[in-house]
Amino acid sequence: MRQQITWEEAHLFDYINKIEYMYVPDIDDYQYIVNVSKGGKVSENARKVETPMFGYSEIVAIFKNRYNEGKLMKQNLYKDYLQTVGHLLKYLELDAEKFWCLSLFALDYCNSIFYEGLTIKATPMEQLQALANMIANANEPMLLDFKAGKNKMSVESPVALRFLADAVRNQLEATKDIKPLSIREQEDETKQIKDSPIIVYFAKIFLTFFDTQDHIRQKRKKGANFSTKEMDLVGQLVYFLGLSTNKSWTDVENETLKAFLRQYKDFQYPNNISSVYPEFVVY
């Protein structure tokens with residue numbers, strides 16, 4: 001794998017493109033910044049990235065810069081990577097260099113959001129929507145406590161609470177300028193989680209990518225969400241890239257990833273923002 005990647009070699013980012021276009025809004029006038037904008041103002045350390053080649057996003061431009069500057073963890077292990085997963089790449093008919101870029105990106109993104117990221121509070125709009133939805137979906141009895149300084153009150157009337165929920169929804173629909181309701185503020189501390197759900201988040205990036213590849217889907221058994229080879233490839237990467245030191249991840253026909261996916265199916269991740277990349281959400 002080359003030490004530097006130019007825009008003439010942008011095809012190496014095609015697998016990253018498959019993923020980020022699924023999760024990042026395609027908004028022409030949206031200016032990505034490297035770190036978080038607080039209160040609608042760009043922080044002093046924010047810097048604009050180079051204009052990417054047509055067909056590629058600012059996310060790819062950030063990744064390209066970090067690769068060329070040698071800032072990516074494990075990026076010098078390409079030969080070891082081929083020895084470790086080359087047979088799986090061949091079976092799944094994946095381009096080794098493109099998949100290596102995707103692997104480095106996934107690792108870099110997870111590190112930037114869970115270990116170096118910032119936890120942000122829900123926006124005013126998200127808080128209002130959550131309140132309205134909770135009231136609408138609640139079974140009686142209900143209780144809403146409100147506190148303003150030393151003053152406190154409780155609202156327990158279902159009629160009053162449902163009226164409040166309707167009023168919130170109607171006002172949100174009628175509001176044309178949502179910018180004040182979309183401001184994100186940083187929590188005092190970054191919320192930390194254990195490694196297992198991070199591994200699941202990392203794995204889902206690849207499983208989502210596999211679903212974009214027709215030739216990979218065709219290799220699956222009828223009715224299967226993923227093939228054994230796909231799961232083995234992800235398991236190998238979990239160990240090879242250092243997300244886990246448990247060597248059982250390298251076992252053939254490994255059931256560990258399946259167990260993790262079941263266990264953390266409904267895990268509530270902290271509302272963290274990457275310290276490096278624009279927002280990128282895995283469903």
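Taking segment 229-257 on its own, how many of its residues are more than 19 Å from TYR91 (Cβ to Cβ) and not in a loop (DSSP other than H, G, I, E, B)?
Qualifying residue count for the region: 3.
Please find, within segment 95-130, the residue that is modelled with the lowest pLDDT out of those that are of a type in the set (Ser, Thr, Tyr) and touching a Leu at 6+ places or on another chain (Cβ under 9 Å).
Going through the qualifying residues, I end up with THR123.
Under the condition of being not in a helix (DSSP H, G or I) and not hydroxyl-bearing (Ser, Thr, Tyr), which residue from segment 117-130 is farthest from LYS179 (Cα to Cα)? Please lay out each step first, then the result.
Residues of segment 117-130 that are not in a helix (DSSP H, G or I), as a first pass: 117-123.
From the residues that got through so far, the ones that are not hydroxyl-bearing (Ser, Thr, Tyr) too are 117-118, 120-122.
Working: GLY117: 23, LEU118: 21, ILE120: 16, LYS121: 16, ALA122: 14 Å.
Among residues in segment 117-130 that are not in a helix (DSSP H, G or I) and not hydroxyl-bearing (Ser, Thr, Tyr), the one farthest from LYS179 (Cα to Cα) is GLY117.
Looking at LYS222, LYS265, which is the one that is among the charged types (D, E, K, R), closer than 24 Å to GLY117 by Cβ and at pLDDT below 95?
Details: LYS222 fails: closer than 24 Å to GLY117 by Cβ.
It is LYS265.
Quick check: is even one residue across segment 105-116 at positive phi and not in a helix (DSSP H, G or I)?
Checked segment 105-116: no residue is at positive phi and not in a helix (DSSP H, G or I).
Within segment 155-163, can one find any residue that is in contact (Cβ under 8 Å) with a residue 12 or more places away in the chain, surrounded by 16 or more Cβ atoms within 10 Å (Cβ to Cβ) and among the aliphatic types (A, V, I, L, M)?
Within segment 155-163, one or more residues are in contact (Cβ under 8 Å) with a residue 12 or more places away in the chain, surrounded by 16 or more Cβ atoms within 10 Å (Cβ to Cβ) and among the aliphatic types (A, V, I, L, M).
Please determine, by comparing only the residues of segment 170-184 that are modelled with pLDDT under 80 and assigned to a loop (DSSP other than H, G, I, E, B), which one is nearest to the chain's Cα centre (by Cα). Before you say what the answer is, go through the steps one by one.
Our first condition is that a residue be modelled with pLDDT under 80; within segment 170-184, this holds for 176-179, 182-184.
This time we only want the ones that are assigned to a loop (DSSP other than H, G, I, E, B), so: 176-178, 183-184.
On the way: LYS176: 29, ASP177: 27, ILE178: 24, ILE183: 20, ARG184: 17 Å.
Step by step, filter segment 170-184, then rank; the result is ARG184.
Looking at TYR15, TYR21, can you tell me which residue is modelled with pLDDT under 95, surrounded by 14 or more Cβ atoms within 10 Å (Cβ to Cβ) and part of a helix (DSSP H, G or I)?
The conditions single out TYR21.
Restrict the check to segment 175-192 and report whether at least one residue is within 27 Å of ASP266 (Cβ to Cβ), of a type in the set (A, V, I, L, M, F, W, C) and surrounded by 14 or more Cβ atoms within 10 Å (Cβ to Cβ).
Checking segment 175-192: not a single residue is within 27 Å of ASP266 (Cβ to Cβ), of a type in the set (A, V, I, L, M, F, W, C) and surrounded by 14 or more Cβ atoms within 10 Å (Cβ to Cβ).
The values are calculated or read from the model by the stated rules, or taken from the named source; none is laboratory data. Note that this is a predicted model, so its numbers are computed, not measured. Please note: Cβ atoms are built from the backbone with ideal geometry, for glycine as well, and neighbour counts cover all protein chains shown.
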